[in-house]
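Accompanying notes for the structure given below.
The values are calculated or read from the model by the stated rules, or taken from the named source; none is laboratory data. Everything numeric here is computed off the predicted structure, so don't read it as measured data. Cβ coordinates were reconstructed from backbone atoms using ideal geometry, including for glycine residues, and neighbour counts include every protein chain displayed. All accessible areas refer to the heavy atoms of the entire protein, side chains included, with ligands and DNA or RNA removed. Shrake-Rupley method; radii C 1.70, N 1.55, O 1.52, S 1.80 Å.
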Amino acid sequence: MPRLLTYNVHRCVGTDKRLDVGRIVAVIGEHEPDIVCLQELDVGRRRTGRVDQAEAIAQGLAMTSRFHPAMRVEAELYGDAILTPHPERLIRADALPTVRGIPGLEPRGALWSEIMIDGAAVNVLNTHLGLVPREQRLQAAALVGSGWLGGCQGPTLLAGDFNATSITRPYQTLARRLDDCQRRLDLKPSVKTFPSSFPAIRIDHCFVSPEIRVTGVRSDFSPLARVASDHLPLIIDFDIVPDA
């Protein structure tokens, strides 16, 4: 049964302020996922020892990685990645819209790969939305548009850190296009992943198309996961139903 894990790794800096890529690898590896969607990765940045975190985590898991830098500062990169041990091809990696005139907003992006799992081509999209509701609405609208989800055919999963709870308009825009995994299973209480030390908020989500049958949703509440990042991973078990 395929498994997706989505995880905001916070530059591999834990709640104890310690930089440790190995802890992130250990948290992910414990669950043996087929697809890993990561947010907040540093690549070549001085603040984290100029390590290519996407590649280092992929190597530690014996996977390949696709990285998209949402932000570039000369040679220093910061963004998101999709990792998998399965055959894959990149469909699109691009910026998402933002709003002007608000100081301090980070650029945001999304990444779309096609991954072959059990003989089926699965669309996997990974993103990390902004913090301001107005930019989140623009970004969600872009994701459901023709350049992203509107162009997807067949089994599709959209995962990431959306910085938006289920009562917000950006979440509802996405939930009208795809189903929230947790609502598919009618999970009560819901699986929350932030903050990792005392998870009380549900802002990490996975949305799926009708061809995806969700069989389980959980997180990792181990002592290691609680310290490795400020988020916990969200773990989705699923089947592919091609004739849905």
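Rg and Dmax of region 142-244, both derived from C-alpha coordinates alone, stand at 14.1, 42 Å. Between the amide H of VAL122 and those of ILE115, MET116, ILE117, distances stay under 5 Å, these residues lying 5 or more places away or on another chain, with hydrogens modeled in the peptide plane.
Helix-only arithmetic for the chain: the sum of -39500 (n - 2.57) across DSSP H runs with n ≥ 4, divided by the residue total, places the mean residue ellipticity at 222 nm at -5500 deg cm²/dmol.
Considering only DSSP states other than H, G, I, E and B, which trypsin sites (Lys or Arg not before Pro) in region 178-244 qualify as loop sites with at most 11 other Cβ atoms within 10 Å? Please report the intermediate quantities before stating the final value.
Numbers: sites: ARG183, ARG184, LYS192, ARG202, ARG213, ARG218, ARG226; in loops: LYS192, ARG202.
Nothing satisfies the criteria.
For GLU211, the solvent-accessible surface with a 1.4 Å probe is about 30 Å², rounded to the nearest 10.
For region 3-240, the solvent-accessible area works out to 42 Å² per residue, with a probe of 1.4 Å and every protein chain left in place.
Pull out a ≥ b ≥ c, the square roots of the eigenvalues of the alpha-carbon gyration tensor of region 38-176, then state rounded if a/c is under 1.5, prolate if not and a/b is larger than b/c, and oblate in the remaining case. Judged from the Cα gyration tensor, region 38-176 comes out oblate (a/c at least 1.5, b/c at or above a/b). Distances between placed amide hydrogens fall under 5 Å for ILE212 paired with THR156, VAL241, all partners being 5 or more residues away or on another chain. Sequentially through region 38-45, phi angles give Karplus couplings (6.51, -1.76, 1.60; θ = phi - 60°) of 10, 10, 6, 9, 9, 10, x, 9 Hz, Gly and Pro residues having no value and appearing as x. A simple rule links phi to the HN-Hα coupling: the Karplus curve 6.51 cos²θ - 1.76 cosθ + 1.60 with θ = phi - 60°, which for region 113-123 gives 10, 9, 10, 8, 10, 6, x, 10, 8, 10, 7 Hz, with x for Gly and Pro. For region 3-240, a/c is less than 1.5, where a ≥ b ≥ c are the root eigenvalues of the C-alpha gyration tensor. That puts it in the rounded class. Within the listed set PRO199, PRO107, PRO189, the Gaussian network model of the chain (springs between alpha-carbon atoms below 10 Å) gives the highest mean-square fluctuation for PRO189.
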